[in-house]
Amino acid sequence: MAARTTRLDLARPTLDDVDALHAIYADPLVWTHFPSLRFTQREQTERMVARWVAAWQEHGLGQRLLRAPGGDLLGHAGCEVRDDTFVNLGYRLAPLAHGRGLATEAALADVAEARDRRPDLPVVAYLVAHNHASARVATKVGLTLRHSAPDVGNPDPGVVRHVYADRELTDAELAATLR
């Protein structure tokens with residue numbers, strides 16, 4: 001099912017999208033805030049897209065590809081149900097799409113859909129504290145900083161994780177975001 005925002009076509013991913021997504025996920029400029037997560041193998045992207053396809057099939061929510069109407073892939077954004085405990089908002093854009101408000105535009109549509117389909121679950125975005133652009137998107141879509149602590153398991157022990165949510169989180173919901 002495709003959707004539109006003012007400037008974007010939003011579509012569910014398919015395995016045909018792996019190569020275009022891999023170009024984004026392998027780009028070091030996309031990973032300046034968390035370089036160790038950059039994909040180096042196409043198979044990583046293929047597994048990720050397969051998970052996204054399964055999320056749509058299981059929950060009716062997931063990541064959507066972002067394209068300018070009739071244009072190239074700019075990135076993705078979406079909400080995925082995690083552990084039937086919270087809905088995770090995620091977004092990643094190609095460098096040419098940074099700073100144009102596109103992540104916010106897509107995330108607003110995604111959060112609205114998540115709230116409509118799963119109002120029982122909090123919408124959460126977790127990110128590293130030094131990713132200020134991502135924090136601005138989370139705030140603009142109505143999420144509030146709810147937790148800040150060292151990012152356990154991060155290869156850089158000085159990194160702090162921020163958890164934003166659309167409501168107060170229970171201890172179980174917060175614990176699920178920290179796994």
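The values are calculated or read from the model by the stated rules, or taken from the named source; none is laboratory data. Just so we're clear, the structure is a prediction, and the values are computed from it rather than from any experiment. Here Cβ is always computed from backbone atoms with ideal geometry, including for glycine, and neighbour counts include all displayed protein chains. Only protein heavy atoms, including side chains, enter the accessible area calculation; ligands, DNA and RNA are left aside. Shrake-Rupley method; radii C 1.70, N 1.55, O 1.52, S 1.80 Å.
Odds and ends about this structure:
- A residue that is in contact with a His (Cβ under 7 Å, 6 or more places away or on another chain), open to solvent by 50 Å² or more (accessible area, probe 1.4 Å) and more than 16 Å from residue 63 (Cα to Cα) occurs nowhere in region 115-124.
- Some residue of region 42-57 being farther than 25 Å from residue 113 by Cα, open to solvent by 60 Å² or more (accessible area, probe 1.4 Å) and in contact (Cβ under 8 Å) with a residue 60 or more places away in the chain: no
- Flag if residue 126 is assigned to a strand (DSSP E or B), touching a Lys or Arg at 6+ places or on another chain (Cβ under 7 Å) and not small (Gly, Ala, Ser): yes
- For region 72-100, residues that are on the phi > 0 side of the Ramachandran plot and either basic (Lys, Arg) or open to solvent by 40 Å² or more (accessible area, probe 1.4 Å) (or both) total 3.
- Every condition in (1) out of contact with any Lys or Arg (no Cβ under 6 Å at 6 or more places or on another chain); (2) without any contact (Cβ under 8 Å) to a residue 12 or more places away in the chain; (3) of a type outside the set (Val, Ile, Thr) is met by residue 38 except one, and the failing one is (2).
- Pair list, Cβ under 7 Å, 6 or more apart: region 150-179 residue assigned to a loop (DSSP other than H, G, I, E, B), other residue hydroxyl-bearing (Ser, Thr, Tyr): 155/36
- Residues that are in contact (Cβ under 8 Å) with a residue 40 or more places away in the chain and over 17 Å from the mean Cα position of the chain (by Cα), drawn from region 6-16: 6, 7
- In region 26-70, the residues that are in contact with a His (Cβ under 7 Å, 6 or more places away or on another chain) and assigned to a loop (DSSP other than H, G, I, E, B): 33, 39
- Taken together, 139, 104 contain a single residue that is on the phi < 0 side of the Ramachandran plot, touching a Lys or Arg at 6+ places or on another chain (Cβ under 7 Å), assigned to a helix (DSSP H, G or I) and free of Cβ contacts under 8 Å to residues at least 60 places away in the same chain, which is 104.
- Meets criteria (open to solvent by 10 Å² or more (accessible area, probe 1.4 Å) and either touching a Pro at 6+ places or on another chain (Cβ under 8 Å) or without any contact (Cβ under 8 Å) to a residue 24 or more places away in the chain (or both)) for residue 69: no
- Among residues of region 91-115, those that are within 19 Å of residue 8 (Cβ to Cβ) and out of contact with any Leu (no Cβ under 8 Å at 6 or more places or on another chain), counted: 9
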